[in-house]
Amino acid sequence: GNLLNILVQASVIALLAGGQTFVILTGGVDLAVGALTALCGAVAGHMMIKLGMPVGVSLLVAVAIGAAVGLFNGYLVAFVGIPSFIVTLGGLTLWRGLAFESTGGFDNAGMPEPLPFIGYGEVLGVPMPIVISGVYFVVMAFVLSSTKLGRYVYAMGSNEMGARQVGINIKAYKLAVYVVCGLSCALGAIVLMARMDSSSGKMAQMFELDAIAAVILGGTSLFGGRGSIWGSLLGAILITMVRNGMNLLEISQFKQMMAIGAVVIVAVWIDVLRRQRLLKK
């Protein structure tokens, strides 16, 4: 039962890590996936609870917000030339602040159907968050392995100048990468809202760190060009298992934050050593 609970708990981090994988494979990073998740969820929840909007319309707005922010990030990175670190570092507070502003800082509880089913329902005995995450990763794995976008993501991460010289439209495909990440945040927001049965500007706090840690622990190089979507899924499960184990051992939340931060540093250190070894060869 605890193992099944771990997979359910890992679902949101896994969804965010999936979108983060696309960005990191190109050599970038998105530091604002948690803040964007909060914005998508806070706005959708406010529309459903306070404004009485239909569930379908509210969720479509959440998806539209995720796609729009992805376009915004992608435009600044690909067309303007601002480093992804700076763009998403600004978004870390911008989107979180907008989430609070759009809801007046209040929580919205008591999500209408079918959100409770998405959070706690089952299909053939499998919890819905696991089903959604499973379908998502199958689709993303297909995109990375069998589409132009996937092949060009690896090409851009491995050698962006070389990819440009062979005729790849770097700007367009990098824009698409950030849209994928934004849509992943919107999907993560829907699942998180359903599991919490509420939404607020506080949701998904520190999820940025967990998502990046999951991607790196899954074997994706922080320098881009090497990694897999399935590795990120395993990394998300590992991060959740570590947190779950520390909860069972009654380790304080502050020590848990220290442990996850240390894991990220060690994982990046190992990636740097691996990269240096490959360069020497």
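Evaluate segment 111-134: report whether one residue or more is out of contact with any Phe, Trp or Tyr (no Cβ under 7 Å at 6 or more places or on another chain), within 30 Å of M48 (Cα to Cα) and among the charged types (D, E, K, R). First the steps, then the outcome.
Of all residues in segment 111-134, those out of contact with any Phe, Trp or Tyr (no Cβ under 7 Å at 6 or more places or on another chain) come to 111-127, 129-134.
Add one more test, that the residue is within 30 Å of M48 (Cα to Cα), and what stays is 111-127, 129-134.
Restricting the remaining residues to those that are among the charged types (D, E, K, R) gives 113, 122.
Within segment 111-134 (the criterion being out of contact with any Phe, Trp or Tyr (no Cβ under 7 Å at 6 or more places or on another chain), within 30 Å of M48 (Cα to Cα) and among the charged types (D, E, K, R)), the answer is yes, since at least one residue qualifies.
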Per the list (1) out of contact with any helix residue (DSSP H, G or I) (no Cβ under 7 Å at 6 or more places or on another chain); (2) surrounded by 21 or more Cβ atoms within 10 Å (Cβ to Cβ), residue check on L217 breaks on (1)
For segment 184-220 the number of residues that are out of contact with any Asp or Glu (no Cβ under 9 Å at 6 or more places or on another chain) and assigned to a helix (DSSP H, G or I) is 19
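Output the residues belonging to segment 67-112 that are among the hydroxyl-bearing types (S, T, Y) and closer than 21 Å to A204 by Cα. If you could, list the steps in order and put the result at the bottom.
Let us first name the residues in segment 67-112 that are among the hydroxyl-bearing types (S, T, Y), namely 75, 84, 88, 93, 102-103.
Result: S84, T88, T93, S102, T103.
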- prompt: Just to be sure, is Q253 within 30 Å of R151 (Cα to Cα) and modelled with pLDDT under 85?
  reply: no
Apart from one, (1) under 30 Å from W230 (Cβ atoms); (2) open to solvent by less than 30 Å² (accessible area, probe 1.4 Å); (3) assigned to a helix (DSSP H, G or I) all hold for G28; the odd one out is (3)
Here the residues within segment 158-196 that are touching a Lys or Arg at 6+ places or on another chain (Cβ under 9 Å) and closer than 22 Å to L36 by Cβ are Y173
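Can G201 be described as more than 21 Å from T240 (Cα to Cα), open to solvent by less than 10 Å² (accessible area, probe 1.4 Å) and modelled with pLDDT under 95?
Details: more than 21 Å from T240 (Cα to Cα): yes; open to solvent by less than 10 Å² (accessible area, probe 1.4 Å): yes; modelled with pLDDT under 95: yes.
So G201 passes the test.
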Here the residues within segment 146-167 that are part of a loop (DSSP other than H, G, I, E, B) and under 17 Å from Y178 (Cβ atoms) are T147
Reported set for segment 174-198 where residues are in contact with a strand residue (DSSP E or B) (Cβ under 6 Å, 6 or more places away or on another chain) and either of a type in the set (F, W, Y) or open to solvent by less than 20 Å² (accessible area, probe 1.4 Å) (or both) is M193
Within segment 221-273, residues being in contact with a Lys or Arg (Cβ under 8 Å, 6 or more places away or on another chain) and closer than 30 Å to A155 by Cα number 2
Looking across segment 1-25 at residues that are surrounded by fewer than 24 Cβ atoms within 10 Å (Cβ to Cβ) and polar (S, T, N, Q), the single one that is modelled with the highest pLDDT is Q9
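The values are calculated or read from the model by the stated rules, or taken from the named source; none is laboratory data. As the structure is a prediction and not an experimental result, all values here were calculated from the model. All Cβ positions, glycine included, derive from the backbone under ideal geometry; neighbour counts span all protein chains shown. The protein model used for the area step is the full one, side chains on, heavy atoms only, and it has no ligands, DNA or RNA in it. Shrake-Rupley method; radii C 1.70, N 1.55, O 1.52, S 1.80 Å.
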